[in-house]
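Before any comments, here is the structure.
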Amino acid sequence: MSVTGPGMTGCRDAAAVLAAAVRRLTEAGVDSPRADAEQLAAYVLGVPRGRLVLAAWSPADVERFGELVARRAARVPLQYLVGTVGFRHLGLAVGPGAFVPRPETESVVEAALGLIAAVSHPRVVDLCTGSGAIALAVAQEHPGAEVLAVEADPRAAGWARRNIGATGLPVRLLVGRIEDIPADMDGFVDLVVSNPPYVADGEALPPEVARYEPVSALYAGVDGLDALRVVQRVARRLLRPGGSAVVEHGDRQGPAAADLFAGWEDVVIHQDLAGRDRYVTARR
């Protein structure tokens with residue numbers, strides 16, 4: 001269904017354009033068709049969503065909006081289309097090659113900040129940083145933190161580098177495997193935090209994720225825990241005695257993820273705001 005039409009310049013026409021977009025996205029199976037249509041319209045027009053009813057559409061706006069709606073109907077992630085995603089108090093650049101930060105990961109940041117709240121200048125390492133979301137949020141909300149972000153995928157690391165530069169926050173980026181973090185950091189880190197890949201091989205994912213987001217940020221072996229195993233080993237060597245780890249996992253992996261931290265102290269499975277198992281904390 002087309003969302004284009006001649007002379008779409010008034011409020012009534014704007015409503016018609018949006019309604020056609022919502023119908024098209026609904027037919028394509030998009031979970032939140034109205035919200036997505038409004039966000040795309042706000043992006044095209046350069047106005048807040050709450051001002052859309054007052055916005056005037058030029059023919060060029062309608063054409064551009066129609067192109068974006070068609071791509072969203074093909075299940076290109078909304079965040080790739082508008083180029084940004086909100087994460088806590090940050091607006092981060094994302095696009096092809098970047099894993100899109102999810103709202104549930106914000107609870108991981110909250111836990112990380114709580115664990116270092118009493119430390120003036122904590123050393124923090126974010127493993128599998130992707131776009132840099134966790135590392136940058138920690139640096140922003142704990143100004144005394146010394147943060148290292150580690151990412152093996154060069155394309156994802158490019159987005160992290162872009163976000164670090166745009167925010168100006170004091171995060172250092174290391175491009176390489178997390179296993180290859182220099183040994184001179186062993187035993188000197190206060191907190192390791194990570195949102196690693198945790199999807200089991202062959203597990204069905206929404207089209208936005210399966211078709212477009214980087215495979216390296218998603219899949220982690222038959223049980224989805226291969227990356228968590230590596231994170232646990234790396235965290236164990238990096239952390240000082242008494243240092244803590246916060247690691248995100250899938251909502252059905254809580255007990256298995258906690259088992260990976262056998263031999264650690266204070267191993268706890270935590271839930272996100274929806275009440276689903278979301279991350280584990282443990283003390284070295």
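Can you give the percent of C-alpha pairs in segment 202-281 whose distance is more than 14 Å?
Values: 2064 of 3160 pairs.
Here the long-distance tail beyond 14 Å is 65 percent of all Cα pairs in segment 202-281.
Per residue, how big is the convex hull of segment 145-246 when only Cα atoms are used? Give it in Å³.
Working: hull volume 11.3 nm³, N = 102.
Expressed per residue, the convex hull around the Cα atoms of segment 145-246 is 111 Å³.
Treating the Cα atoms of segment 11-74 as identical point scatterers in vacuum, please give the log10 of the normalised Debye intensity I(q)/I(0) at q = 0.13, 0.22 Å⁻¹, two decimals.
Relative scattering, expressed as log10 I(q)/I(0), comes to -0.28, -0.82.
Over all directions, the average projected area of the alpha-carbon convex hull for segment 33-190 comes to how many nm²?
10.8 nm²
What are the principal axis extents of the Cα atoms in segment 169-208, in Å, biggest first?
Largest first, segment 169-208 extends 40, 24, 19 Å along its Cα principal axes.
Distance between Cα centroids, segment 213-284 to segment 102-116: provide it in whole Å.
13 Å
Report ³J(HN,Hα) in whole Hz for each residue of segment 55-63, in order, from the Karplus equation J = 6.51 cos²θ - 1.76 cosθ + 1.60 where θ = phi - 60°; Gly and Pro get x.
7, 9, 9, 8, x, 5, 4, 4, 5
Report the local net charge at residue 151: Lys and Arg +1, Asp and Glu -1, summed over other residues whose C-beta lies under 14 Å from its C-beta.
Here the count lands on +1.
Just the ratio, please: alpha-carbon radius of gyration of segment 95-174 over 2.2 N^0.38 Å, N its number of residues.
On the way: Rg = 11.9 Å, N = 80, 2.2 N^0.38 = 11.6 Å.
Cα-based Rg divided by the globular estimate yields 1.02.
When the convex hull of the Cα atoms of segment 46-99 is projected onto a plane and the area is averaged over all directions, what value comes out in nm²?
Values: hull surface 19.1 nm².
Over all viewing directions, segment 46-99 projects a mean Cα-hull area of 4.8 nm².
Show me, for segment 123-132, the HN-Hα J-couplings you get by feeding each phi into the Karplus relation (A = 6.51, B = -1.76, C = 1.60, θ = phi - 60°), rounded to Hz, glycine and proline as x.
Once rounded to whole Hz, the list reads 8, 10, 10, 9, 8, 6, 6, x, 6, x.
Over the chain, what is the mean sequence separation of C-alpha contacts under 8 Å (at least six apart), divided by residue count, expressed as relative contact order in percent? Let's see the in-between values first.
Values: 544 pairs, mean separation 38.1, N = 284.
Worked out over the chain, it gives 13 percent.
Provide the three semi-axes, in whole Å and in decreasing order, of the ellipsoid equivalent to the chain as defined by the square roots of 5 times the Cα gyration tensor eigenvalues. Can you show the working numbers first?
Details: eigenvalues 313, 77, 49 Å².
Each semi-axis is √(5λ); the values are 40, 20, 16 Å.
Each value in this text was obtained by applying a stated rule to the coordinates, not by laboratory testing. Only a predicted model underlies this, so the values are computations on that prediction, with no experimental measurement involved. All Cβ positions, glycine included, derive from the backbone under ideal geometry; neighbour counts span all protein chains shown.
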